[in-house]
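Peer 1: Sending over a structure as structure tokens; questions will come in a sec.
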Amino acid sequence: RSSLNNFAAGPTTTLRSRELPLIWKEKKAPKCVAMRNILGMQAVQRDSIDLITRQKQRLRAQLNRGCRALDFYAGFYMQGSKDGKLCEDRDQIHARTGAKCEVDKFRLMVPVPRDED
């Protein structure tokens, strides 16, 4: 069994005409996430990526200084850790483009419906 864990970028979602657009609010998140719970990711901001979990949660992983989310557009992989978790201020993720970055902080992203004008 390989000690590398691969995560692909997820498809972008399209809005249906009846759905209200969402606003994402940041909330406190755990310092670690189990690698087995990560289903995919999306590069949504300049310096962070969103991890999508099996529990249908969105965790924003803020990357350390100088790292660009755009480098992770094709997904990422990471070396397996002894505890099986990806932790802030500890673990590095590796982009398929060759970049490697440490996760500075996780934030839980909670969807809030935007009021219609």
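Peer 1: Give the residues of the range 32-48 whose amide nitrogen is closer than 12 Å to a point set 7 Å from the Cα of residue 26 in the direction of its Cβ.
Peer 2: Inside the label zone: 45-48.
Peer 1: Filter the cross-link list 31/56; 28/100; 56/100 down to pairs whose alpha-carbon distance in this structure exceeds 20 Å.
Peer 2: 28/100; 56/100
Peer 1: A further question follows. From largest accessible area down, sort 58, 65, 96; use a 1.4 Å probe on the protein chains.
Peer 2: I get 65, 96, 58, largest accessible area first.
Peer 1: May I pose another question? Could you give me the ³J(HN,Hα) list for the range 90-106, computed from phi with Karplus coefficients 6.51, -1.76, 1.60 and θ = phi - 60°, whole Hz, x at Gly and Pro?
Peer 2: Once rounded to whole Hz, the list reads 9, 9, 9, 10, 10, 7, 5, 7, x, 6, 9, 9, 8, 7, 7, 7, 9.
Peer 1: Next question, about the same structure. Quick one: which residues, 5+ away or cross-chain, put their amide H under 5 Å from the amide H of residue 39? H built at 1.01 Å from N.
Peer 2: Amide H neighbours of residue 39: 52, 53, 54.
Peer 1: Restricting attention to the range 17-109, which GluC sites (Glu not before Pro) occupy a DSSP loop and are surrounded by at most 15 other Cβ atoms within 10 Å?
Peer 2: 19
Peer 1: Could you compute how much accessible surface residue 32 exposes when probed at 1.4 Å, giving the result in Å² to the nearest 10?
Peer 2: Rounded to the nearest 10, the figure is 50 Å².
Peer 1: I've got another one for you. Between residue 100 and residue 55, what is the label-to-label distance in nm when each label sits 7 Å out along the Cα-to-Cβ direction?
Peer 2: A separation of 3.0 nm, rounded to one decimal place.
Peer 1: Additional query: Ranked from highest to lowest mean number of other Cβ atoms within 10 Å per residue, what is the order of the peptides 36-45, 77-86?
Peer 2: The densest-packed peptide leads the list: 36-45, 77-86.
Peer 1: Note the per residue figure in Å³ for the convex hull of the C-alpha positions in the range 61-117.
Peer 2: 124 Å³
Peer 1: In addition: With labels modelled as points extended 7 Å from the Cα through the Cβ direction, what inter-label distance (nm, one decimal) is found for residue 37 paired with residue 114?
Peer 2: 2.9 nm
The values are calculated or read from the model by the stated rules, or taken from the named source; none is laboratory data. In this text, all values refer to a predicted model and were calculated from it rather than measured experimentally. Note that each Cβ is placed from the backbone with ideal geometry, even for glycine, and that neighbours are counted across all protein chains shown. Ligands, DNA and RNA are excluded from the accessible area calculation, which covers all protein heavy atoms including side chains. Shrake-Rupley method; radii C 1.70, N 1.55, O 1.52, S 1.80 Å.
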